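Starting off with a structure, shown below.
Every read-out reported here was derived from the displayed coordinates using simple, explicitly stated rules and does not represent laboratory data. Note that this is a predicted model, so its numbers are computed, not measured. Ideal geometry is used to build each Cβ from the backbone, glycine not excepted, and the neighbour counts take in all protein chains shown.
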Amino acid sequence: MTLSARPLRIGIMGGTFDPIHHGHLVAASEVQNVFALDEVIFVPTWAQPFKKERKVSPAEHRYLMTVIATASNPRFTVSRVDIDRGGTTYTIDTLHDIAAEYPGAELYFITGADALAQILTWKDSEEIFDLAHLVGVTRPGHVLSDSGVPRDRISLVEVPAMAISSTDCRQRVGEGAPVWYLVPDGVVQYIRKYGLYRMALRPASATS
Ligand code: ATP
Ligand code: MG
């Protein structure tokens, strides 16, 4: 039996994951299957340049929820590169770090339609396209339009529609509404154990 000589195919799913939800997981699973990826690496950010105005949960909580959510899938892993580097997280740095860990691998950077629409404003976007093939996935409420990425550097993939966002999950927890089945069971329990997102409570006057 001869071993396949094809390079490893590595998917990279960057995100704040505050918290990780089934929209992220379905997107990664679908792209893994379409491109026969050997592995999809979830990379929680440290500080997202476009989320500077927003209070984000501590990175260790976001990292651990991502580990819990992905643990059962043999093709999913989680990387600490962005968290350990610290500072503002730029995708170009993520790609350089992962490329150094997997020399010779083909990288596929997975991004939802909302993030894709901004991609030309990202730091060193031209170099991003050199390092990785972009995979834009559909997301309810956002149009997967021409992002300006060179045609041969991007693929668009329709994934099962999951109208879920982390913002909505945080809001639901704050209001005492369930997040069961929007996020994995272990993540529901983790959120409760550490009392995350309770601060998103409605103002006291809302009860009067
Ligand atoms: P927030 O509401 O806090 O911005 P989010 O749900 O958008 O959270 P992020 O961590 O910002 O989640 O997203 C990480 C990546 O996952 C982005 O590329 C985003 O477009 C993609 N993504 C998030 N939710 C979905 C979804 N429901 N379907 C497809 N892609 C998604
Ligand atoms: Mg987002």
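Using amide H atoms built in the peptide plane, which far-off residues or other-chain residues are under 5 Å from residue 76 H to H?
Correct list: 40.
Also, I was wondering about something else. Under the Karplus relation 6.51 cos²θ - 1.76 cosθ + 1.60, θ = phi - 60°, what is the ordered set of whole-Hz ³J(HN,Hα) values for the range 160-172, x standing for Gly and Pro?
My calculation for the range 160-172 gives x, 5, 10, 7, 10, 9, 4, 4, 5, 4, 4, 4, 4 Hz in order.
So, one more: Spelling out what I want: for every residue of the range 6-11, take phi, set θ = phi - 60°, compute 6.51 cos²θ - 1.76 cosθ + 1.60 (Karplus), and round to whole Hz; glycine and proline get x.
In residue order, the calculated couplings are 5, x, 4, 10, 10, x Hz.
Here's another thing I want to ask about it. Going by a ≥ b ≥ c, the root eigenvalues of the Cα gyration tensor, does the range 75-139 fall in the rounded group (a/c under 1.5), the prolate group (a/b larger than b/c) or the oblate group? Working shown, then result.
Details: a/c = 1.40, a/b = 1.27, b/c = 1.10.
Rounded, because the longest to shortest axis ratio a/c is under 1.5.
Now, a different point. Pick out, from 188, 165, 95, the residue whose Cα sits farthest towards the positive end of the charge dipole of the chain, with +1 on the Cβ of Lys and Arg and -1 on the Cβ of Asp and Glu.
188
Rule-of-thumb check for the range 1-137: C-alpha Rg over 2.2 N^0.38 Å?
Normalised Cα radius of gyration, the range 1-137: 1.02.
Further question: Roughly how large, in nm² to one decimal, is the mean projection of the convex hull of the alpha-carbon atoms in the range 96-171?
6.2 nm²
Nothing charged except the Cβ atoms of Lys and Arg (+1) and of Asp and Glu (-1): what's the magnitude of the dipole of the range 88-208 about its Cα centre? Round to the nearest 20 debye.
In debye, rounded to 20, the range 88-208 gives about 920.
Å³ per residue of the Cα convex hull, for the range 66-208?
164 Å³
For the range 48-180, what proportion of DSSP beta bridges, expressed in % and rounded to the nearest 5, is antiparallel? Can you show the working numbers first?
Details: 1 of 11 bridges.
Given both bridge residues lie in the range 48-180, the antiparallel proportion sits at roughly 10 percent.
Could I ask something else about it? What number, rounded to the nearest 500 deg cm²/dmol, is the helix-based mean residue ellipticity at 222 nm of the chain, given -39500 (n - 2.57) per DSSP H run of at least four residues and division by all its residues?
Estimated from H runs of four or more residues: -10000 deg cm²/dmol.
Continuing with the same structure: Excluding residues fewer than 8 places away in the same chain, name every one of the aspartates and glutamates whose C-alpha is closer than 14 Å to that of residue 51.
18, 114
For helix 185-194, report the angle its Cα long axis makes with the longest principal axis of the Cα atoms of the chain; keep it between 0 and 90° and round to the nearest 10°.
Helix 185-194 and the main axis of the chain meet at about 50 degrees.
For the range 8-167, build the charge dipole from Cβ charges (+1 Lys, Arg; -1 Asp, Glu) around the Cα centre, then report which of 63, 107, 137 sits farthest towards its positive end.
Comparing the listed Cα positions along the dipole, 63 ranks first.
Between residue 156 and residue 185, what is 0.36 nm times their sequence separation minus the Cα-Cα distance? Round to one decimal in nm.
Result for the pair: 7.5 nm of gain on full extension.
Taking amide hydrogens as modeled 1.01 Å from N in the peptide plane, which residues meet the under 5 Å criterion relative to residue 133, leaving out close sequence neighbours?
107, 108, 109
How do 190-196, 98-104 rank on mean C-beta neighbours within 10 Å, highest first?
Numbers: 190-196: 15.1, 98-104: 12.6.
Descending mean neighbour count gives 190-196, 98-104.
Still on this structure, I have one more. Any chance you could give the angle, 0 to 90 degrees and rounded to 10, that helix 59-70 forms with the longest Cα principal axis of the chain?
70 degrees
Sequence neighbours fewer than 8 away in the same chain don't count; with that in mind, list the lysines whose C-alpha is under 21 Å from residue 193.
55
Another question, then. Of all alpha-carbon pairs in the range 9-54, indicate the percentage at a distance above 17 angstrom.
The share of Cα pairs beyond 17 Å in the range 9-54 comes to 38 percent.
Let me ask another. To the nearest 20 Debye, how big is the dipole of the range 20-152 about its Cα centre, given +1 on the beta carbon of each Lys and Arg and -1 on that of each Asp and Glu?
Dipole size: approximately 660 debye.
Between residue 120 and residue 60, what length in nm is gained on full extension when 0.36 nm per residue of separation is reduced by their alpha carbon distance?
Here the segment from residue 120 to residue 60 would lengthen by 18.6 nm.
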